[in-house]
1. Between 0 and 90 degrees, rounded to the nearest ten: what's the tilt of helix 377-386 against the longest Cα principal axis of the chain?
2. Per residue, how much accessible area does the stretch 341-431 show when a 1.4 Å probe rolls over the protein heavy atoms, in square angstrom?
3. For a test of the definition: using alpha carbon positions, the gyration tensor, and the 1.5 limit on a/c, classify the stretch 341-431 as rounded, prolate or oblate.
4. Find the relative contact order for the chain and round it to a whole percent, using C-alpha pairs within less than 8 Å whose residues are 6+ positions apart.
5. Straight-line reach only, C-alpha to C-alpha below 22 angstrom: list the lysines that LYS108 could link to, leaving out same-chain residues fewer than 8 apart.
6. What aspartates and glutamates could a cross-link reach from LYS206, if we take a straight Cα to Cα line under 14 Å and drop same-chain neighbours fewer than 8 places away?
7. In degrees from 0 to 90, rounded to the nearest 10, what is the angle of the helix 148-164 Cα long axis to the longest principal axis of the chain?
8. What size of dipole, in debye to the nearest 20, comes out for the stretch 17-132 about its Cα centre when the only charges are +1 on Lys and Arg C-beta atoms and -1 on Asp and Glu C-beta atoms?
Amino acid sequence: MSGSPDKSQTNQVVRAPRGTEDLFGEKMARQQMIENAAREVFDVFGYKEIRTPVFEDIALFVRGIGATTDIVEKEMYTLAQGDETTFALRPEGTASVMRAYVEHNLFKSKKFQKFYYLGPIFRHERPQAGRMRQFDQIGVEVIGTYDPLADVETILLAAEIFRKIELGGFTIKLNSFGCPTCRAAYRTALREALRGVEAKLCANCKSRIDRNVFRVLDCKEAHCKELTADAPCIRDHLDDECREHFEKVKDGLEANGLAYTLDNRLVRGLDYYTKTIYEIAHPALGARDAICGGGRYDGLVEEVGGPPTGGVGFAIGVVPTMLALEKGGEGDGGKAAGPTLFVIAIGGEDRPFAFSLMTKVRREGISADTDFEGKNWKKVMRAANRDNAKYIVVIGPDERETGRFKLKEMSTGMETEADEAGLIQHLKNITQ
Ligand code: HAM
């Protein structure tokens with residue numbers, strides 16, 4: 001590449017882009033714990049995985065999410081190829097799943113689908129605690145139904161994931177965004193009401209009154225919130241069908257023991273929503289407290305070229321969820337699990353024997369590890385403890401000669417003497 005300075009020549013450290021992170025160690029273990037818990041819950045609820053590309057045609061997001069949303073206007077990473085900018089890194093997952101649903105004619109072959117996905121999302125936001133420019137979402141989309149119990153199921157599902165990872169203290173905020181018909185009347189009423197305070201609103205809200213008036217209700221500025229505290233509420237403008245739908249969602253949540261709060265200001269940042277909208281918030285996160293957002297989107301499949309099709313879903317933000325777990329979780333937040341057995345060789349001549357013993361243990365499906373740095377065996381013992389190994393066995397000339405080992409449990413210090421078969425059996429008993 002000509003023109004750009006060659007950093008390798010100067011040994012400068014190349015850093016990860018702002019708003020991105022490298023995951024390893026404890027944090028990676030915690031993220032895996034969340035992902036595994038989610039997969040288990042998806043299985044119980046009958047959801048199947050879908051993977052879509054991380055970049056898509058820009059038009060998909062403009063049409064799906066809405067041209068005047070912050071996500072499309074300000075936060076999309078677009079990809080230039082030669083003179084053309086046609087693709088964008090996905091700023092959310094729902095539009096992509098709808099594109100796949102339509103592209104593969106699923107509305108003909110199997111109209112009703114329950115999908116889940118896990119993967120990276122990209123938004124050019126100001127990085128702050130719990131907000132990144134690349135972050136993972138865990139989401140679901142139920143496509144091909146207008147049933148309010150499907151809305152209820154998705155909320156129950158999200159709550160179940162949080163319960164499983166032992167995150168307490170979250171709240172479920174619920175609202176309805178109506179349908180295009182009742183929303184038109186609400187839009188007019190809201191605009192009229194806001195004209196009265198327009199001059200005092202922040203610049204962003206002022207411009208939103210004409211462009212995307214509902215977003216005014218989502219402004220985080222304290223004085224805007226105060227000025228719009230008495231703004232009309234969308235639920236007072238719902239038509240019969242939307243009102244009935246909302247009542248059934250509330251009834252379903254109550255019947256299944258899930259507490260929620262009605263939130264008049266909840267509007268969501270994507271334009272595709274209809275009827276039910278919800279967010280799950282955690283108080284440990286401050287102003288931007290959403291760990292999950294979702295709702296119904298009955299016009300979205302049509303918007304991306306398919307037939308009229310109902311749908312509902314949510315996405316959990318893994319980064320805010322991890323932060324909530326760190327700050328306000330009830331469990332241990334997913335400690336990095338160590339190997340079941342750490343095999344420690346006293347001297348260099350003991351290493352091949354120790355290595356073979358480790359291999360035999362691994363072949364039984366039991367996690368085992370050993371030192372590869374040539375460290376003094378006492379140091380290795382301390383390292384094994386630090387890495388949360390459950391058991392250690394020390395191999396020296398005696399062990400090699402007699403074939404008898406002392407298996408030490410790290411948490412209790414208790415030792416069990418056994419030959420190779422006995423050692424493996426003991427480990428099998430405690431791991432099964
Ligand atoms: P969303 O509310 O834009 O909804 O994002 C869902 C969640 O992703 C948020 O509640 C938050 O936890 C997390 N999140 C958003 N932005 C960031 C960020 N910059 N850094 C870290 N986490 C973030 C959607 O994306 C919809 N597609 C959800 C959906 C699925 N609706 C229906 N189906």
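The values are calculated or read from the model by the stated rules, or taken from the named source; none is laboratory data. Predicted model only: the values in this text are computed from it and were never measured. Don't worry about glycine lacking a Cβ; one is built from the backbone with ideal geometry, like all the others, and counts go over all protein chains shown. Note: accessible area is taken over every heavy atom of the protein model, side chains too, but ligands, DNA and RNA are not part of it. Shrake-Rupley method; radii C 1.70, N 1.55, O 1.52, S 1.80 Å.
1. Around 30 degrees separate the two axes.
2. Per residue, the stretch 341-431 has an accessible area of 58 Å².
3. Here the stretch 341-431 falls in the rounded category.
4. Here the relative contact order equals 16 percent.
5. LYS48
6. Here the aspartates and glutamates satisfying the reach criterion relative to LYS206 are GLU192, GLU198, ASP218, GLU221.
7. 30 degrees
8. 440 debye
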